1. Taking segment 90-104 only, how many residues are open to solvent by less than 10 Å² (accessible area, probe 1.4 Å) and in a helix (DSSP H, G or I)?
2. Considering every residue within segment 105-122, establish whether at least one is crowded, with 20+ Cβ neighbours inside 10 Å, closer than 28 Å to residue 161 by Cβ, among the aliphatic types (A, V, I, L, M) and in contact with a strand residue (DSSP E or B) (Cβ under 7 Å, 6 or more places away or on another chain).
3. Between residues in segment 134-149 that are at negative phi and residues that are of a type in the set (S, T, N, Q) and open to solvent by 30 Å² or more (accessible area, probe 1.4 Å), which pairs lie under 6 Å by C-beta distance while being six or more apart or on different chains?
4. So is residue 137 open to solvent by less than 10 Å² (accessible area, probe 1.4 Å) and either in contact with a Lys or Arg (Cβ under 6 Å, 6 or more places away or on another chain) or hydrophobic (A, V, I, L, M, F, W, C) (or both) or not?
5. Restricting attention to segment 46-58, which residues are open to solvent by less than 70 Å² (accessible area, probe 1.4 Å) and more than 18 Å from residue 25 (Cα to Cα)?
6. Please specify each residue of segment 151-169 satisfying the condition of being part of a strand (DSSP E or B) and surrounded by 22 or more Cβ atoms within 10 Å (Cβ to Cβ).
7. Do you know which of the residues in segment 176-211 that are touching a His at 6+ places or on another chain (Cβ under 8 Å) and assigned to a loop (DSSP other than H, G, I, E, B) is farthest from residue 127 (Cα to Cα)?
8. Could you pull out the residue among 92, 149, 118, 102 that is β-branched (Val, Ile, Thr) and under 18 Å from residue 228 (Cα atoms)?
Amino acid sequence: MRIAVAGATGNIGTLTVAALERGGHDVVRISRSVGVDLSTGEGLDTALSGVEAVVDVTNGPPADREGTVAFFGTATGNLLAAEARAGVRHHVLLSIVGVDRVEGNAHYAGKREQERLVSAGPVPWTIVPAAQFHDFAAMVASWTEQDGVATVAPLLMQPIAPADVADVLAEIATGEPHGRYVDVVGPDPQDLVDMARRTNEARGHSVKLVPTWSSLFGTEMAGNVMLAGEGARIAPTTFDQWLAEQR
């Protein structure tokens, strides 16, 4: 198949491209670095010529709620319109587990706007809600680190290896549209603070972690909110296996 990946040069995009190419598919990369701009629509019609499926793993720049929703809304609207013109048969969107249960987070609001546009749009679709990636905890700690101290919310989640997400996306893109797919998560629930501590230790980075419900993540994300729903698909790679590769 000829399959396009939007956000192809990012972490998950690169892995998804690789997974599709291993399967023998012809992959079209959509990103600004190759002259295709989702925010303006520039280059989309040419890029999508002959494409049968599109996998959208785009990520937005940090912004407030209004700005994030506007970014994702514009980019997704442009992509879907171009897909309809090109006759694309399947749009696959990577989303987040629990995205409909968290109101105050700007990024989640943007992802909900994506989901709304995709589910109401002209192209048959699959939305894939995935858990946070294994490297998420250390990344969150890096956002708040100052003078060797970082605040991290004590979130419970069931993190997943990025390569496992890419494999699932590649599999789904080559099949028929599912509508809303089941949650896709890793094998074991984890605590975000413990994940950050262990990841930093494995990487040789010394930082004091202070568990707190900071402005990044509020108490509306506490408890089981971020954990998978019933019937979830469990990916194979454990956090411990991923962590061993960080040493």
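The values are calculated or read from the model by the stated rules, or taken from the named source; none is laboratory data. This one's a predicted model, so the numbers in the text were calculated from it and none came from an experiment. Neighbour counts are summed over all protein chains in view; Cβ atoms, including those assigned to glycine, are modelled from backbone coordinates with ideal geometry. Ligands, DNA and RNA are excluded from the accessible area calculation, which covers all protein heavy atoms including side chains. Shrake-Rupley method; radii C 1.70, N 1.55, O 1.52, S 1.80 Å.
1. Selection size over segment 90-104: 1.
2. The answer is yes, given that some residue of segment 105-122 is crowded, with 20+ Cβ neighbours inside 10 Å, closer than 28 Å to residue 161 by Cβ, among the aliphatic types (A, V, I, L, M) and in contact with a strand residue (DSSP E or B) (Cβ under 7 Å, 6 or more places away or on another chain).
3. Here the result reads 144/151, each pair linking segment 134-149 to a residue that is of a type in the set (S, T, N, Q) and open to solvent by 30 Å² or more (accessible area, probe 1.4 Å).
4. yes
5. 58 - this is the single residue of segment 46-58 that is open to solvent by less than 70 Å² (accessible area, probe 1.4 Å) and more than 18 Å from residue 25 (Cα to Cα).
6. 152, 157, 160
7. 186
8. Step by step, each of 92, 149, 118, 102 is checked, and only 102 is β-branched (Val, Ile, Thr) and under 18 Å from residue 228 (Cα atoms).
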